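Peer 1: Below is the structure I would like to discuss, written out as structure tokens.
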């Protein structure tokens, strides 16, 4: 949708988000992994990073709606916000009214919600994820990667580095492989702790993940998940030890891989070869 054709006057007339949250006494809950982002310049930068906002834009954990506002102001055609916190309905009420049929709130647990079935294609996820479930959500969505045009997500910097890491680096691991097997991923920019309320103890990073039309190498996803889980569960040990429960040395030799290698030494293709050996 062309931003110039969208009438955002009702959204722009809303009171500042920080004032609205204060008036309704909606404080971030640690149990839900909440850290609110009120700076509209930052949230609009995240929204713009998603590029096209045609079709369906899904947001997870909108909280009081900082990123939600930004997505709408940047011209999102259709936003579906999935939120577990029942308080969000009250805080988002004025935004729901101002946005009309461009915004829908779904109250529920994102871990139990099939985002890949929501709305119509093209479909993307743009979210400031609750840090306590961020990696679990990502692995779940990667299992349905082809349903999404892109995922523009905020993680702790350490997790972002793990998602985008290359073989041989200290950050390279299971998350790097499961992501790189099915998508291109890059860190776009960092957001400092003091941008959030309350301020987390770590820097955050916005990561963009763009699913491929097909996986880079042929293998079963569940098998790849199992091989990488065992391999990186004991990342300092040689693979013949960590992979012993599923074949160990014999499995590695059959795949043409040195049994004395450590998991961070193997690229995605090698792990896919091991995963095919499980079949």
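Peer 1: Given points 7 Å out from each Cα along the Cα-Cβ axis, report the residue 14 to residue 39 separation in nanometres with one decimal.
Peer 2: 2.0 nm
Peer 1: If you don't mind, another one. Determine, from the Cβ-Cβ distance of residue 146 and residue 261 and an R0 of 25 Å, the FRET efficiency 1/(1 + (r/R0)^6), rounded to the nearest 0.05. Please list the in-between numbers first.
Peer 2: Numbers: r = 31 Å, r/R0 = 1.25.
My answer for the efficiency is 0.20.
Peer 1: Under Stokes-Einstein, with the Kirkwood radius over Cα pairs standing in for Rh, what whole-number D in µm²/s applies to the stretch 152-198 at 4 °C and 1.567 mPa s? Don't skip to the end; give the middle numbers.
Peer 2: Details: Rh = 11.6 Å.
In µm²/s, the coefficient rounds to 112.
Peer 1: In addition: Please compute the modelled spin-label separation between residue 244 and residue 229, points set 7 Å along Cα→Cβ, answer in nm with one decimal.
Peer 2: Each label point lies 7 Å from its Cα, and together they span 1.9 nm.
Peer 1: Viscosity 0.692 mPa s, temperature 37 °C: Stokes-Einstein D of the stretch 74-208 from its Kirkwood Cα radius, in µm² per second? Write out the running numbers ahead of the final one.
Peer 2: On the way: Rh = 16.2 Å.
Translational D for this selection: 203 µm²/s.
Peer 1: For residue 199 and residue 220, what does the FRET efficiency come to when R0 = 35 Å and r is the distance between their Cβ atoms, rounded to the nearest 0.05?
Peer 2: The value I calculate is 0.25.
Peer 1: Same structure again: Suppose we look only past 33 Å in the calculated P(r) of the chain. What percent of the Cα-Cα pairs does that tail hold?
Peer 2: Values: 10648 of 38781 pairs.
For the chain, the share of Cα pairs beyond 33 Å comes to 27 percent.
Peer 1: Points 7 angstrom from Cα along the Cβ direction at residue 116 and residue 86: gap in nanometres?
Peer 2: With each label placed 7 Å out from Cα toward Cβ, I get 3.2 nm.
Peer 1: Starting from 0.36 nm per residue, how many nanometres of slack lie between residue 136 and residue 166 once their C-alpha separation is accounted for?
Peer 2: On the way: separation 30, 0.36 × 30 = 10.80 nm, distance 2.07 nm.
Stretched fully, the residue 136-residue 166 segment lengthens by 8.7 nm.
Peer 1: Something else now. Per residue, how big is the convex hull of the stretch 221-278 when only Cα atoms are used? Give it in Å³.
Peer 2: On the way: hull volume 3.6 nm³, N = 58.
That works out to 63 Å³ per residue.
Values in this text are rule-based calculations from the coordinates and carry no lab data. The structure displayed is predicted, hence computed values, not measured ones. Methodologically, a virtual Cβ is constructed for each residue, glycine included, from the backbone with ideal geometry; neighbour enumeration extends over all protein chains shown.
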